[in-house]
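Everything below concerns the one structure shown next.
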2 protein chains.
Amino acid sequence: MSRVEAAHGAGGRAMGRLIDELFRQAFDNPLLNAGDDFAAFEVPAGRMVMSTDAHVITPLTFPGGDIGALSVHGTVNDVAMSGARPLYLSAAFILEEGFSLEALRVIVESMARAAREAGVSIVTGDTKVVPRGKGDGVYITTTGVGVLGEGINISGSRARAGDRILISGPIAEHGVAVLAAREGLALGGELRSDSAALNGLVEVMLAGLDNPDRLHCLRDPTRGGVAAALNEMAAQSGVGMRIDEALVPLRTEVAAACELLGLEPLQVANEGRLIAICEPESADGLLAAMRAHPLGEQAAIIGEVVGDDPGRVALRTRLGAERWLEPPHGEPLPRIC
Amino acid sequence: MSRVEAAHGAGGRAMGRLIDELFRQAFDNPLLNAGDDFAAFEVPAGRMVMSTDAHVITPLTFPGGDIGALSVHGTVNDVAMSGARPLYLSAAFILEEGFSLEALRVIVESMARAAREAGVSIVTGDTKVVPRGKGDGVYITTTGVGVLGEGINISGSRARAGDRILISGPIAEHGVAVLAAREGLALGGELRSDSAALNGLVEVMLAGLDNPDRLHCLRDPTRGGVAAALNEMAAQSGVGMRIDEALVPLRTEVAAACELLGLEPLQVANEGRLIAICEPESADGLLAAMRAHPLGEQAAIIGEVVGDDPGRVALRTRLGAERWLEPPHGEPLPRIC
């Protein structure tokens, strides 16, 4: 079976063939096919958004996805969390010498499929090869750009006391599925990553509001989970938050797996969920809009923003106790994305 | 001495501190400081350009630069080779566990300096940590966006028979300097990478033309050197090219080092040089504009585009013989950028 060689990253003929026969065929679009080291495209006057993510997940394939689809979802979602419409992605590959070219093809085709489904094009890229023992099969860094509509003003710094906190679906599914795949654990029940592009969901959420300015914050709770995302936004906004654990959607199998693994589900990574914070008057409408979308069917209001305890998140547990919800210090789950 | 730990890539407090105390301090700008997972900025209506590069160079520091400055120059140059004005960069770091945080600080500060000098801002980023033996200190993927002025229409596909081929300065300096540093070779004379941001040079080149459309192609001859860049453009444009080796600037020390190492200078990577292809009537003016800029003082016209032998590059050697100038098949110099 053919494998990645140093020559595939050296700028010569071997690299040219890899680009022509693999990347251009899979990503096929006029901007990429132009064959320059850049992509040029028309944009309207206004605000653009840019975001980047390096993907180093292990294993490369897991129930519900692989590094290819994930590398598209991760960056599409980071762009979408601004309220922008993602348009174009770049993709930079760091390949380990000896990696199977057939496995790379499967990953690249998965990226291409994820991009088509999300309505974005992969328009420019780069390929580097590192020796065995200096990488781990493939790392993929994607960067996305998108256009931001007028009147949208979403930032982790805009949470205000009284705002409602919503989540788009059940939590911790990505982290638990990846960990089970990595460790070869049979944890019972179906554990499957939630990895998905959220730009379509964000679009219907914004369309459902009488004024997009009522949606204050969006964040996808990836590494560090819901706990990290909420604490970050509480700190950015200088507000407190109160979350009711009983309201946070969590599938039984996932809860059981977390208990077995000693993980706090609120600290476990998601790749197809978002947290939204909006004015109280808009919360019910936003919830209805989310629930009408396939990726938000189990959306829920899970808490509210308060003026007390700025920078901290209080959790009312299922047992009725109150405790601080802390972000993880370190790595409950390394290399999860 | 403090070292990179898995926790620095896990999305929790350790990562937050690394971002606050290292990246935000060094890159300091309002877009990055907003603290969201994206950067939003205003753009005028028109064409934008996007390009990306993963940097896996070894050693991390070499005479004339380091991976930090290189990661800015590489992407600024790819954007500038469209004729666009680079504005914003993203930066994604893949750190190996155990890497010195002090070494990382030096690299990040070098990036920040290179960005300031090139007039671009690093506005969004990502940090991942991989275990020992799955990386090599630090890999940096940068992506750049820029705005393309009206009437500029530069692509490797626009070379036409009769066009003149120019180069901005002496070749092979980056590759030879990095190889000497990697292997600990004392090759005599000063070997120093040419790593530099070329957007300022491109700006004066375009400003000097009565019509920017007369400049047909720009390319920075990085991996695979001048040979790869010319062959790529000859293939893209469906034209032949004739290069006169005696006209290609090459410092004596670099020529001697290449001979010693068995390298063809035309196949060795540059990181601060560009090839320009323009209409014959504009060549002298373009050359004069290049020579008036510090990064183009030794610019030269090195050949011309022809209708014969489409997709091939003919070299008239210093000895007067004619041969095909081939791109390297593989890696005369792996991990050169």
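The values are calculated or read from the model by the stated rules, or taken from the named source; none is laboratory data. Worth saying up front: this structure is predicted, and the values here are computed from it rather than measured. Ideal geometry is used to build each Cβ from the backbone, glycine not excepted, and the neighbour counts take in all protein chains shown. Side chains included, ligands, DNA and RNA excluded: accessible areas come from the protein's heavy atoms. Shrake-Rupley method; radii C 1.70, N 1.55, O 1.52, S 1.80 Å.
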Filter result (in contact with a strand residue (DSSP E or B) (Cβ under 8 Å, 6 or more places away or on another chain) and part of a loop (DSSP other than H, G, I, E, B)) within region A:269-303: A:Glu271, A:Arg273, A:Leu274, A:Glu279, A:Ala299
statement: Scanning region A:1-20 residue by residue, those in contact with a strand residue (DSSP E or B) (Cβ under 7 Å, 6 or more places away or on another chain) and modelled with pLDDT under 85 turn out to be A:Met1
message: Would you confirm whether or not region B:118-125 contains a residue that is in a loop (DSSP other than H, G, I, E, B), of a type in the set (A, V, I, L, M, F, W, C) and over 26 Å from B:Asn33 (Cα atoms)?
response: no
- request: From the list B:Pro86, B:Pro59, pick out the single residue that is under 26 Å from the mean Cα position of the chain (by Cα), more than 27 Å from A:Val138 (Cβ to Cβ) and at pLDDT 95 or above.
  value: B:Pro86
- request: Give, as residue ranges, the strands (runs of 3 or more DSSP E) completely inside region A:155-246 that count at least 1 residues that are within 14 Å of chain B (Cβ to nearest Cβ).
  value: A:215-219
- request: Among the numbered conditions (1) modelled with pLDDT of 95 or more; (2) under 21 Å from the mean Cα position of the chain (by Cα); (3) not small (Gly, Ala, Ser), tell me where B:Arg223 comes up short.
  value: (1)
Region B:287-300 residues that are more than 16 Å from B:Leu215 (Cβ to Cβ), paired with ones that are among the acidic types (Asp, Glu) and surrounded by 20 or more Cβ atoms within 10 Å (Cβ to Cβ) (beta carbon under 9 Å, 6 or more apart): B:Leu295/B:Asp194
message: Can you confirm whether B:Val79 is in contact with a helix residue (DSSP H, G or I) (Cβ under 9 Å, 6 or more places away or on another chain), open to solvent by less than 10 Å² (accessible area, probe 1.4 Å), facing chain A (nearest Cβ under 10 Å) and not in a strand (DSSP E or B)?
response: yes
task: Among the residues of region A:283-297, write down those that are within 17 Å of A:Asn270 (Cα to Cα) and surrounded by fewer than 18 Cβ atoms within 10 Å (Cβ to Cβ).
output: A:Pro294, A:Glu297
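Just to check your reading of the model, which residue among B:Arg47, B:Arg105 is over 15 Å from B:Thr142 (Cα atoms), basic (Lys, Arg) and assigned to a strand (DSSP E or B)? Can you show your working first?
Values: B:Arg105 fails: assigned to a strand (DSSP E or B).
The unique qualifying residue is B:Arg47.
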message: Among the residues in region B:87-96, are any open to solvent by 10 Å² or more (accessible area, probe 1.4 Å), farther than 28 Å from B:Glu190 by Cα and in contact with a helix residue (DSSP H, G or I) (Cβ under 9 Å, 6 or more places away or on another chain)?
response: yes
message: If I ask for residues that are at the interface with chain A (Cβ under 7 Å from one of its Cβ atoms) and aliphatic (A, V, I, L, M), which ones from region B:39-66 would you list?
response: B:Ala39, B:Ala40, B:Val43, B:Ala45, B:Met48, B:Val49, B:Met50, B:Ala54, B:Val56
query: Can you tell which of A:Ser121, A:Ser110 is open to solvent by 30 Å² or more (accessible area, probe 1.4 Å), touching a strand residue (DSSP E or B) at 6+ places or on another chain (Cβ under 8 Å) and of a type outside the set (A, V, I, L, M, F, W, C)?
result: A:Ser121
query: Out of B:Gly175, B:Gly156, which single residue is under 25 Å from A:Gly125 (Cα atoms), touching a strand residue (DSSP E or B) at 6+ places or on another chain (Cβ under 9 Å) and in contact (Cβ under 8 Å) with a residue 40 or more places away in the chain?
result: B:Gly156
message: Suppose we filter region B:10-37 for residues that are facing chain A (nearest Cβ under 9 Å) and open to solvent by less than 20 Å² (accessible area, probe 1.4 Å); how many remain?
response: 5
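Conditions tested, residue by residue: (1) open to solvent by less than 30 Å² (accessible area, probe 1.4 Å); (2) in contact with a Ser or Thr (Cβ under 8 Å, 6 or more places away or on another chain).
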site: A:Val176; (1), (2): yes, no
site: A:Glu203; (1), (2): no, no
site: A:Ala207; (1), (2): no, no
site: A:Asn211; (1), (2): no, no
site: A:Arg214; (1), (2): no, yes
site: A:Leu218; (1), (2): yes, yes
message: Quick check on my filter: what residues within region A:130-150 are facing another protein chain (nearest Cβ under 7 Å) and either under 22 Å from A:Asn29 (Cβ atoms) or buried (at least 20 other Cβ atoms within 10 Å of the Cβ) (or both)?
response: A:Val130, A:Lys134, A:Gly135, A:Asp136, A:Tyr139, A:Thr141, A:Thr143, A:Val145, A:Leu148
message: Need the failing condition index for B:Ala69 against (1) part of a strand (DSSP E or B); (2) more than 7 Å from every other protein chain (Cβ to nearest Cβ), just the number.
response: (1)
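Does B:Leu261 meet the test of being over 16 Å from B:Ile167 (Cβ atoms), touching a residue at least 40 places away in the same chain (Cβ under 8 Å) and not hydroxyl-bearing (Ser, Thr, Tyr)? Before you say what the answer is, go through the steps one by one.
Numbers: over 16 Å from B:Ile167 (Cβ atoms): yes; touching a residue at least 40 places away in the same chain (Cβ under 8 Å): yes; not hydroxyl-bearing (Ser, Thr, Tyr): yes.
In short, yes.
Yes/no per residue for (1) open to solvent by 10 Å² or more (accessible area, probe 1.4 Å); (2) under 22 Å from B:Ser155 (Cβ atoms); (3) acidic (Asp, Glu); (4) in contact with a Leu (Cβ under 6 Å, 6 or more places away or on another chain):
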position: B:Arg182; (1), (2), (3), (4): yes, no, no, no
position: B:Leu187; (1), (2), (3), (4): yes, no, no, no
position: B:Ser195; (1), (2), (3), (4): yes, no, no, yes
position: B:Asn199; (1), (2), (3), (4): yes, yes, no, no
position: B:Gly225; (1), (2), (3), (4): no, yes, no, yes
position: B:Ala257; (1), (2), (3), (4): no, no, no, yes
position: B:Leu263; (1), (2), (3), (4): yes, no, no, no
position: B:Ile277; (1), (2), (3), (4): no, yes, no, no
Region B:51-66, residues that are hydrophobic (A, V, I, L, M, F, W, C), surrounded by 24 or more Cβ atoms within 10 Å (Cβ to Cβ) and not in a loop (DSSP other than H, G, I, E, B): B:Ala54
